[in-house]
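Asker: One structure, pasted below without further comment.
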Amino acid sequence: MKNKNIFLTIVVLVLHGREILSDDGVLYVDYYKDKCPLAEDIVRRNVEIAVRKDPRMAASLLRLHFHDCFVMGCDASLLLDSFGDMVSEKLAGPNANSLRGFDVIDKIKYNLEEACPYTVSCADILALAARDAVVLRGGPTWDVWLGRRDSLKASFDGANNFIPFPNSSLETLIANFKEQGLDIGDLVTLSGSHTMGKARCVNFRQWAYEVSHEEYHDKYKRFRTFKRILRSICPEKGRDDVLAPLDYVTPARFDNQYFINLVEGNGLLHSDNVLVSEDEEGVIKKLVWGYASDEDLFFASFVNSIIKMGNIRVLTGFDGEIRKNCRFVNIKGEL
Ligand code: HEM
Ligand SMILES: *[C@@H]1O[C@H](CO)[C@@H](O)[C@H](O)[C@H]1NC(C)=O
């Protein structure tokens, strides 16, 4: 009997060891099923509370996952605070004075550490919170692939270089996404995230005030009216932090209205509008029209693309760690 127990213990250790050793960059839907059965519930409950208190938080949480994944992969490098000579990604141009929701992530992590210490990574929390946020605002749901580990460092320069700019040309946006292994379809589909949330005047001013050559043509007349509205919100100088909804029709809902707006010339950012205005070949325009007329099609593609985004250079196996506090790497010898 005693021998049998020892035997079972060894089998369990070996199996457990193999799981830890898997270093194949592969994620699993059931990753926490045995390790931390309540993990997904804890995340969802916290996201629900946060979004009920502040509906915009849904958009902010979705954006955190994106800004994490585009810099060294989905490894929660975004969540690290500055420490020693490592500068936080939070201070980089696209993030500073813009990203929100770090306190929500801290709260989730605190609850998870109480339930299952050193088990659920901060990178996985970001992926789960993004899904729950989309669902809460009326968007599609999906199974989140899990088992990411957290980075040991941040990349301030990476955050400045790899997160796309709102004043980029279509060509640059395509290149930005390609660098991450994402294609033109993913660019269009994931831009649909701008169906909720807000942007600051500083990020749409250039678009609102520049009058491109093409706009004198009738074809682009539609941009002119909307730009007049934008100028009334965002003066040529000052009031940089005044907000406008990315989707002015249904700003709080995750739906396909963003694409309808684009067709009508009413995107908020330059990077939104170029999807229709700079697409010479018409492939992208076709996608935009497709999503504008078929929400189910957009939802199905969105699920596909965000799972793809969530897989960008994930850390598994012996790489990285499970952080105790999402803001700091673990102290050596702590575990
Ligand atoms: C295609 C390139 C993209 C560019 C140039 C871009 C740029 C921006 C900018 C400038 C803002 C406003 C920030 C501010 O004014 O403080 C914003 C907001 C937002 N972005 Fe993007 N973005 C892009 C793609 C994405 C993707 C792929 C996602 C998600 C998967 C996303 C999700 C969001 C959300 C939800 C907001 C609103 C956040 C809030 O209200 O707190 N964006 N984006
Ligand atoms: C985009 O804006 C930044 C400042 O935020 C500026 O440095 C850059 O030149 C602009 N790029 C384009 C293509 O207008």
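Asker: Is there a residue in the range 70-90 that is surrounded by fewer than 21 Cβ atoms within 10 Å (Cβ to Cβ) and assigned to a helix (DSSP H, G or I)?
Answerer: The answer is no, given that none of the residues of the range 70-90 is surrounded by fewer than 21 Cβ atoms within 10 Å (Cβ to Cβ) and assigned to a helix (DSSP H, G or I).
Asker: Give the residue, chosen from Gly238, Gly267, that is free of Cβ contacts under 8 Å to residues at least 12 places away in the same chain, in contact with a helix residue (DSSP H, G or I) (Cβ under 9 Å, 6 or more places away or on another chain), closer than 24 Å to Ser212 by Cα and not assigned by TED's automatic domain parsing to the domain that holds Pro94. Before you say what the answer is, go through the steps one by one.
Answerer: On the way: Gly267 fails: free of Cβ contacts under 8 Å to residues at least 12 places away in the same chain.
On inspection, the qualifying residue turns out to be Gly238.
Asker: Follow-up question, since we're still on this one. If you go through the range 241-255 one residue at a time, how many are farther than 17 Å from Ala208 by Cα and either more than 15 Å from ligand 1 (Cβ to nearest atom) or among the charged types (D, E, K, R) (or both)? Reasoning before the result, please.
Answerer: Pass one, the range 241-255, residues farther than 17 Å from Ala208 by Cα: 249-255.
Now drop any that are not either more than 15 Å from ligand 1 (Cβ to nearest atom) or among the charged types (D, E, K, R) (or both), which leaves 249, 253, 255.
Here the count works out to 3.
Asker: Hand me the list of helices (runs of 4 or more DSSP H) wholly inside the range 209-322 holding 1 or more residues that are surrounded by 15 or more Cβ atoms within 10 Å (Cβ to Cβ) and among the hydroxyl-bearing types (Ser, Thr, Tyr). Working first, answer last.
Answerer: Numbers: elements: 221-233, 257-263, 270-277, 283-293, 295-309.
The qualifying helices (runs of 4 or more DSSP H) are 257-263, 270-277, 283-293, 295-309.
Asker: Is one or more of the residues making up the range 101-113 more than 16 Å from ligand 2 (Cβ to nearest atom) and in contact with a His (Cβ under 8 Å, 6 or more places away or on another chain)? Outline the logic, then answer.
Answerer: We begin by selecting, within the range 101-113, every residue more than 16 Å from ligand 2 (Cβ to nearest atom); these are 101-113.
Next, from what is left, pick out any that are in contact with a His (Cβ under 8 Å, 6 or more places away or on another chain): none.
For the range 101-113, residues more than 16 Å from ligand 2 (Cβ to nearest atom) and in contact with a His (Cβ under 8 Å, 6 or more places away or on another chain): absent.
Asker: Is it the case that the range 162-169 has a residue that's away from ligand 2 (no atom under 16 Å from the Cβ), under 21 Å from Asn266 (Cα atoms), within 15 Å of the chain's Cα centre (by Cα) and part of a loop (DSSP other than H, G, I, E, B)?
Answerer: Taking the range 162-169 as the starting set, the residues that turn out to be away from ligand 2 (no atom under 16 Å from the Cβ) are none.
No, the range 162-169 contains no residue that is away from ligand 2 (no atom under 16 Å from the Cβ), under 21 Å from Asn266 (Cα atoms), within 15 Å of the chain's Cα centre (by Cα) and part of a loop (DSSP other than H, G, I, E, B).
Asker: Out of curiosity, is Arg131 of a type outside the set (S, T, N, Q), in contact with a Pro (Cβ under 8 Å, 6 or more places away or on another chain) and in the same structural domain as Leu79 (by TED's automatic domain parsing)? Even if it seems obvious, please write down each step before you answer.
Answerer: Numbers: of a type outside the set (S, T, N, Q): yes; in contact with a Pro (Cβ under 8 Å, 6 or more places away or on another chain): no; in the same structural domain as Leu79 (by TED's automatic domain parsing): yes.
Judged against the criteria, Arg131 is not a match.
Asker: Would you point out the residue of the range 170-183, among those that are away from ligand 1 (no atom under 11 Å from the Cβ) and touching a residue at least 12 places away in the same chain (Cβ under 8 Å), that is farthest from Glu210 (Cα to Cα)?
Answerer: This residue is Gly181.
The values are calculated or read from the model by the stated rules, or taken from the named source; none is laboratory data. Remember, it's a predicted structure, so these values are computed and weren't measured experimentally. Using ideal geometry, Cβ is built from the backbone for each residue, glycine included, and neighbour counts are taken over all protein chains shown.
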